[in-house]
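Only one structure is covered here, and it is reproduced in the block below.
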Amino acid sequence: MAELCFEQVSKVYAGHPAVVDVDLTVPSGSFTALIGPSGCGKTTLLEIAAALIPATTGRVLLGGRPITRPGPETAIVFQHHNLFEWMTVQDNVAFGLRTQGISRHERRLRAGRLLADVGLIDHAHKLPRELSGGMRQRVAIARALVLNPQVLLMDEPFSSLDYQTRRVMQRYLLAMWHHAQATVVMVTHDLDEAIALADQIVLFSGSPGRIVETIHIPLKRPRQPEDSRLQEIRTHLRHHLEKEVALGEFTAAELEALRREGMTADL
Amino acid sequence: MPPADSPSTSVPAWASPAIAPFARGRLRRLMPGLSFVLAWIILALAWEIGAATEVLNPRILPPPSVVIPYILQGPGAAGIGPQQVTYGEAIVKTLARVLIGLILGLIAAIPLGTVLAVVNPVRQLILPMIQTIAPIAPVAWVPVAIALLGIGDQSAIFVVFMGVFAVMTLATAAAIENVPQELIKTARSLGARGHRLWLWVVLPATAPSLLTIVRVNFFAAWMAVLAGEMAGINSGLGALIILGQQQFNMRLVMTGIITIGVLGFAIDRLILLIQRRLLWWEARSKGRTNG
Ligand SMILES: Nc1ncnc2c1ncn2[C@@H]1O[C@H](COP(=O)(O)OP(=O)(O)OP(=O)(O)O)[C@@H](O)[C@H]1O
Ligand SMILES: [Mg+2]
């Protein structure tokens, strides 16, 4: 476990700034959710934190040390499971161990133990395409956790799942998180998901993306969705997102027209 | 892809309740083979009857009862002097040319395709060239090959090579580009780098398309070599057919045609079998789920 710290991070793609001046501290062992309109650079930030792409300026520190290349201390899970179709569930989970040069015997052992811990041991010898969508994503998370990372980065990990499965997966993630004790950063479009899980929610505005607000939720988990304090935060988040989406979607003239019609009075 | 139980291959309803599951599974597996044999028997019979009733001219289309014994007895050497072609020799020559041309094509295309997919400056420079070569029909290279290399094996191999090389290069580059970026990123974040990333992730991810490329291009190579052999490279199965034509030996022509069909089919099945073996993960899940 270690603190993750974005220092003045910006990313420019071919002259177009995607995300600018991000200063963000994710306390050790905490859960942070990133929320913002589409294209504001959330994925970009995660990939920079995983050292999969370089930042144009600024840097990301883990426990005070700059992250310069992908390493076992950081793991990333995308919206699509990205499992290796040609490997069994067990070999997928053991992939990170294989790249670290760990012996086949120990890989089997450790992957098996992790699969047992997360309730997937019955599926160890199946292929990814023989699993359900929720199960694939669970395998993807298990695969990311196999090297005991200090930081777990997740980019809309449940957004391709149906509503019920997503709720189950969120509870599952909480259990895994306690188990793994990692610092988590999760991108999500689902406000309820962010409110149910996060210690802090970071709000972004669009084009170029920048942080506009950080909301702390000092409530214990599991949380009751009906909690009045959560309701307040939810309303606040919804207004912010709707405003950002409207700004991205409509021109100034259109917005003015909408305002005259009274359609955007609360934006 | 067709479902596992397409009407032509499934066990008919009358057969299923009576037969034990084991026998039923075996029958199901044999069914496509049986219907295949049956179809050819029907065609051969129709042809035989057509020839007997002179609806088909037996001099131009000698019936199976003439051609099959002719093949089995082994058609004698045809032609004179250096142009002499024996049946077995023709088969061996044609097969060897296809195989060597195809393998050389692969050896050149896979590395070049990979470089094209990965190194942008090379891509800018070379891609238009490859794209220009790709649509040229293999036969078009025959005169060039004969002028450069004579009428021997080298020419045939050259024609095959030119016929498959450019297309396979483009297909290899496309296969590599189609590997999702996120898959590569996931593997990198799990610590895969350099040759391991290529060996453990990119290669298996592209293997299905690469093997399909080989299978499709086997046909291209097969066509190229036959066309070449008919158009001046004076040996092999293609030349055998032309020789039959020149000598008005229609039995020889039919022999050539049937041999080409049967060999092409057999080799395609062989490649398919190898493909299934290598891509075990695809074959396995097809059996268990519906797609
Ligand atoms: N490889 C790239 N080359 C050029 N531009 C890119 C690249 N990747 C992302 N961008 C641009 O950078 C911006 C941020 O992209 P990013 O994917 O990080 O956004 P996001 O917040 O994750 O969006 P979403 O919510 O849709 O997933 C977008 O405008 C996108 O078009
Ligand atoms: Mg994204």
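The values are calculated or read from the model by the stated rules, or taken from the named source; none is laboratory data. Being a predicted model, the structure only gives us computed values, none of them experimental. Don't worry about glycine lacking a Cβ; one is built from the backbone with ideal geometry, like all the others, and counts go over all protein chains shown. The accessibility values were calculated without ligands, DNA or RNA, using every heavy atom of the protein model including side chains. Shrake-Rupley method; radii C 1.70, N 1.55, O 1.52, S 1.80 Å.
Out of all the residues in segment A:228-246, which are more than 13 Å from A:Leu203 (Cβ to Cβ) and exposed (fewer than 14 other Cβ atoms within 10 Å of the Cβ)? The answer is A:Ser228, A:Arg229, A:Gln231, A:Glu232, A:Thr235. For segment B:233-289, a residue qualifies if it is without any contact (Cβ under 8 Å) to a residue 24 or more places away in the chain, more than 14 Å from chain A (Cβ to nearest Cβ) and polar (S, T, N, Q), and the qualifying residues are B:Gln245, B:Gln246.
For segment A:117-134, the set of residues classified as away from chain B (no Cβ under 11 Å) and part of a helix (DSSP H, G or I) consists of A:Asp117, A:Ile121, A:Asp122, A:His123, A:Gly133, A:Gly134, listed by residue number. From the list A:Glu249, A:Glu254, the one residue that fits, being away from ligand 1 (no atom under 16 Å from the Cβ), more than 30 Å from A:Val118 (Cβ to Cβ), surrounded by fewer than 16 Cβ atoms within 10 Å (Cβ to Cβ) and of a type in the set (D, E, K, R), is A:Glu254. Of the residues making up segment A:74-84, at least one is in a strand (DSSP E or B) and within 16 Å of ligand 1 (Cβ to nearest atom). Of the residues making up segment B:144-165, at least one is outside any helix (DSSP H, G or I) and within 23 Å of B:Phe219 (Cα to Cα). For segment A:22-31, the count of residues that are in contact with a strand residue (DSSP E or B) (Cβ under 6 Å, 6 or more places away or on another chain) and within 15 Å of ligand 1 (Cβ to nearest atom) is at least one. Here the condition is being farther than 27 Å from B:Val67 by Cβ, aliphatic (A, V, I, L, M) and crowded, with 19+ Cβ neighbours inside 10 Å; of B:Val225, B:Val253, B:Val216, B:Val202, it holds for B:Val202 alone.
Apart from one condition, A:Ala50 fits all of (1) more than 16 Å from ligand 2 (Cβ to nearest atom); (2) within 22 Å of B:Trp200 (Cα to Cα); the exception is (1).
When segment A:135-160 is filtered for residues that are more than 16 Å from ligand 1 (Cβ to nearest atom), open to solvent by less than 40 Å² (accessible area, probe 1.4 Å) and not in a helix (DSSP H, G or I), the ones remaining, listed by number, are A:Val146, A:Leu147, A:Pro149, A:Val151, A:Leu152. The residue pairs whose first member lies in segment A:222-237 and is assigned to a loop (DSSP other than H, G, I, E, B), whose second member is open to solvent by 70 Å² or more (accessible area, probe 1.4 Å), and whose beta carbons are closer than 8 Å, counting only pairs six or more residues apart or on different chains, are A:Pro222/A:Arg171.
Each residue in segment A:30-61 was checked for being open to solvent by less than 20 Å² (accessible area, probe 1.4 Å) and over 22 Å from A:Arg238 (Cα atoms), and 12 of them qualify. Of all residues in segment A:1-57, those being touching a Leu at 6+ places or on another chain (Cβ under 8 Å) and aromatic (Phe, Trp, Tyr) number 2. Residue count for segment A:1-46 under the criterion of being assigned to a strand (DSSP E or B) and basic (Lys, Arg): the result is 1.
Reported count of residues in segment A:71-87, each being more than 16 Å from ligand 2 (Cβ to nearest atom), within 10 Å of another protein chain (Cβ to nearest Cβ) and open to solvent by 20 Å² or more (accessible area, probe 1.4 Å), is 3.
Being within 14 Å of chain A (Cβ to nearest Cβ), out of contact with any Cys (no Cβ under 6 Å at 6 or more places or on another chain) and open to solvent by less than 10 Å² (accessible area, probe 1.4 Å): is that true of B:Ala192 here? Give the derivation first.
Numbers: within 14 Å of chain A (Cβ to nearest Cβ): yes; out of contact with any Cys (no Cβ under 6 Å at 6 or more places or on another chain): yes; open to solvent by less than 10 Å² (accessible area, probe 1.4 Å): yes.
Yes; evaluated as a whole, the condition is true for this residue.
Condition check: within 14 Å of chain A (Cβ to nearest Cβ) and either surrounded by 16 or more Cβ atoms within 10 Å (Cβ to Cβ) or in contact (Cβ under 8 Å) with a residue 12 or more places away in the chain (or both). Does B:Leu211 satisfy that?
Yes, satisfied.
For segment A:55-65, a residue qualifies if it is assigned to a loop (DSSP other than H, G, I, E, B) and away from ligand 1 (no atom under 12 Å from the Cβ), and the qualifying residues are A:Ala55, A:Gly63, A:Gly64.
Among the candidates A:Ile195, A:Ile211, A:Ile217, which residue alone is β-branched (Val, Ile, Thr), in contact (Cβ under 8 Å) with a residue 40 or more places away in the chain and closer than 19 Å to A:Trp177 by Cβ? Step through it out loud before you land on a result.
On the way: A:Ile211 fails: closer than 19 Å to A:Trp177 by Cβ; A:Ile217 fails: in contact (Cβ under 8 Å) with a residue 40 or more places away in the chain.
Of A:Ile195, A:Ile211, A:Ile217, the one residue that is β-branched (Val, Ile, Thr), in contact (Cβ under 8 Å) with a residue 40 or more places away in the chain and closer than 19 Å to A:Trp177 by Cβ is A:Ile195.
Of the residues in segment A:100-107, at least one is away from ligand 2 (no atom under 16 Å from the Cβ), outside any strand (DSSP E or B) and of a type in the set (Ser, Thr, Tyr).
Applying the set (1) of a type in the set (S, T, N, Q); (2) out of contact with any strand residue (DSSP E or B) (no Cβ under 9 Å at 6 or more places or on another chain); (3) part of a loop (DSSP other than H, G, I, E, B); (4) away from ligand 2 (no atom under 16 Å from the Cβ) to A:Thr68 leaves exactly one unmet item: (2). Does B:Leu237 satisfy the criteria of being within 29 Å of B:Phe36 (Cα to Cα) and surrounded by fewer than 21 Cβ atoms within 10 Å (Cβ to Cβ)? In short, no.
Remark: pairs (first residue in segment A:20-39, touching a residue at least 40 places away in the same chain (Cβ under 8 Å); second residue of a type in the set (Lys, Arg) and away from ligand 1 (no atom under 11 Å from the Cβ); Cβ separation under 8 Å; 6+ apart in sequence or on different chains) = A:Val20/A:Arg210; A:Asp21/A:Arg210; A:Val22/A:Arg210.
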